[in-house]
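Colleague: Could you have a look at this structure, given as structure tokens, before my questions?
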Amino acid sequence: MKRILVNGGGGFIGGHLIKRLKAEGNWVRGVDLKRHDFAAPPADEFIVADLRDQNVARAAVQGIDEIYQLAADMGGAGYLFTGAHDAAVLHNSATINLNTLEFGHQAGVKKFFYSSSACMYPEYNQTDPDNPKCSEDSAYPAAPDSEYGWEKLFSERLYLAYARNYGTQVRIARFHNIFGPEGTWTGGKEKAPAAMCRKVAEAPDGASIEVWGDGLQTRSFLYIDECVEGVRRLMESDFTGPVNIGSEEMVTINRLAEMAMDIAGKKLTLRHIEGPLGVRGRNSDNRLIQSRLGWAPHYPLRAGLERTYAWIAAQVAHSATLA
Ligand code: NAD
């Protein structure tokens, strides 16, 4: 049995990861600014505190064998690509990583997992929606399209520098659009799959729903269970990364919306409006993960979206009864 710290344990991926780590028989401490919004992850200990605070970060790592560092100032395009939160995103997430790594290192933590993002890939390789390039070796010359991506790149370098200089064991994944039940679905920090499911669930048959931009921008979306599986496999492997953890099933945002409508059995029209967009095209490239871990995600988008839609439709129905 290992003693494991999950930073960001009150968040979407952290909550699912705690369940998995507990099911594997570990002792788990979660730390987050808040308790989980939709579930009660079965952590042995859960600390509600701010990891920007050095005293909190120092206390959190005591007696810990391994850290999964998922805490970040984070949201979807509506949060990250307007520019309004740039200073906070850079400052908050970098501070969490600086604190976690330094105090973890001082306390003798054996291994760190760091959740980077596909948002660190250069914008110039993601202008063609049909042919984006996101192989791990395409990261440099660096040119992420958001400060969120720059912070991820900086923190990747921070973890790698600790590995080089101090022999710290680190594992770094670049997540590509993770989605599923028990994630943010409203309020401005939600990402495209959850936003689309919510809009479809709220719309009466025959109505229209808003899509930002022309909807021809492309992305791939990875279901949460496969994200957690990839994280665990990477952590148990001898491969440091960075490595993509994402799906290679690329779709347009219009197609994502149509899929959600089809799952709901609703006939709606799409109304394209201006909105924050991010890069024109993005897809995971799974050659490296396949070759280093002998495994890559394969779960179909449709199957994950069916589960997510069912959960979000239930949230929408529940909040309607409260209104
Ligand atoms: P999330 O927002 O649900 O979880 C992040 C958690 O960090 C939140 O619960 C938040 O309260 C917590 N947090 C933020 N600041 C904190 C602080 N100062 N002290 C303590 N806790 C703090 O996001 P998520 O989707 O679960 O993402 C987890 C990690 O994966 C993040 O680092 C994110 O950048 C990365 N990531 C996620 C995706 C995705 O599609 N979800 C894609 C790429 C990378």
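Colleague: So if each residue of separation counts as 0.36 nm, and I subtract the Cα-Cα distance between Val56 and Tyr166, what length gain in nm does that give? Working shown, then result.
Modeller: Numbers: separation 110, 0.36 × 110 = 39.60 nm, distance 2.31 nm.
Between Val56 and Tyr166, full extension yields 37.3 nm more.
Colleague: On to the next question. Evaluate the distance, in nm, between pseudo-label points positioned 7 Å from the Cα of Glu45 and of Arg292 along their respective Cα→Cβ axes.
Modeller: So the label points at Glu45 and Arg292 sit 3.2 nm apart.
Colleague: Given contacts defined as C-alpha pairs under 8 Å and at least six residues apart, what's the relative contact order of the chain, whole-number percent? Don't skip to the end; give the middle numbers.
Modeller: Working: 675 pairs, mean separation 57.4, N = 323.
Across the chain, relative contact order equals 18 percent.
Colleague: Quick check on my link table: of Lys133/Lys199; Lys19/Lys199; Lys22/Lys110, which ones sit more than 21 Å apart, alpha carbon to alpha carbon?
Modeller: Values: Lys133/Lys199 30 Å; Lys19/Lys199 29 Å; Lys22/Lys110 19 Å.
Correct reply: Lys133/Lys199; Lys19/Lys199.
Colleague: Which angle between 0 and 90 degrees, to the nearest 10, do you get for helix 86-106 versus the longest principal axis of the chain when only C-alpha atoms count?
Modeller: Roughly 30 degrees, rounded to the nearest 10.
Colleague: Relative to the longest principal axis of the chain, what angle (0 to 90°, nearest 10) does the C-alpha long axis of helix 192-202 take?
Modeller: Taking Cα atoms only, the helix is inclined about 40 degrees.
Colleague: Which peptide among 267-280, 227-240 comes first, and what is the full order, when sorted by highest mean count of other Cβ atoms within 10 Å? Intermediate values should be presented prior to the final figure.
Modeller: Numbers: 267-280: 14.6, 227-240: 17.8.
So the order, starting with the most tightly packed, is 227-240, 267-280.
Colleague: Can you tell me how the range 113-182 classifies by the Cα gyration tensor, rounded, prolate or oblate, using a/c under 1.5 as the rounded cut? Walk me through the intermediate numbers first.
Modeller: On the way: a/c = 2.26, a/b = 1.44, b/c = 1.57.
Taking the square roots of the gyration eigenvalues as a ≥ b ≥ c, the range 113-182 is oblate.
Colleague: Counting only heavy atoms of the protein chains, get the accessible area per residue of the chain (1.4 Å probe) and round it to a whole Å² value.
Modeller: Working: 13410 Å² over 323 residues.
Ligands and nucleic acids excluded, the figure is 42 Å² per residue.
Colleague: How much net charge surrounds Thr186 when only the other residues with a Cβ under 15 Å from the Cβ of Thr186 are counted, with Lys and Arg +1 and Asp and Glu -1?
Modeller: Neighbour charge sum, excluding Thr186 itself: -1.
Colleague: Next question. Where nothing but the Cβ of Lys and Arg (+1) and of Asp and Glu (-1) is charged, how large is the charge dipole of the chain around its Cα centre, in debye to the nearest 20? Could you put the intermediate results ahead of the total?
Modeller: On the way: 35 positive and 39 negative charges, 120 e Å.
In debye, rounded to 20, the chain gives about 580.
Colleague: Could you quote the convex hull projected area for the chain, Cα atoms only and averaged over all directions, in nm²?
Modeller: Numbers: hull surface 63.4 nm².
For the Cα atoms of the chain, the hull's average projected area reads 15.8 nm².
Colleague: Continuing with this model, one more query. When the accessible area of the range 133-238 is split by element with a 1.4 Å probe, what percent falls to carbon and sulfur?
Modeller: With neighbouring chains kept in place, the figure for the range 133-238 is 49 percent.
Colleague: Within the range 1-69, report the GluC sites (Glu not before Pro) that DSSP leaves as loop and that have at most 13 other Cβ atoms within 10 Å.
Modeller: Glu24
Colleague: Here's a follow-up. By how many degrees, 0 to 90 and rounded to 10, does the Cα axis of helix 147-166 deviate from the longest principal axis of the chain?
Modeller: With rounding to tens, the tilt is 20 degrees.
Colleague: Using the charge dipole of the range 183-323 (Lys, Arg: +1 at Cβ; Asp, Glu: -1 at Cβ; taken about the Cα centre), state which of Thr186, Ala296, Tyr223 has its Cα farthest towards the positive end.
Modeller: Thr186
Colleague: Extension gain Ser319-Thr186, at 0.36 nm per residue separation less the Cα-Cα distance, in nm? All intermediate terms of the calculation are to be shown ahead of the outcome.
Modeller: Numbers: separation 133, 0.36 × 133 = 47.88 nm, distance 1.10 nm.
Separation in residues times 0.36 nm, less the Cα-Cα distance, equals 46.8 nm.
The values are calculated or read from the model by the stated rules, or taken from the named source; none is laboratory data. Predicted model only: the values in this text are computed from it and were never measured. Cβ atoms come from the backbone with ideal geometry, glycine included; neighbour counts cover every protein chain shown. Ligands, DNA and RNA are stripped out before the accessible areas are found, and what is left, the full protein with its side chains, is counted by its heavy atoms. Shrake-Rupley method; radii C 1.70, N 1.55, O 1.52, S 1.80 Å.
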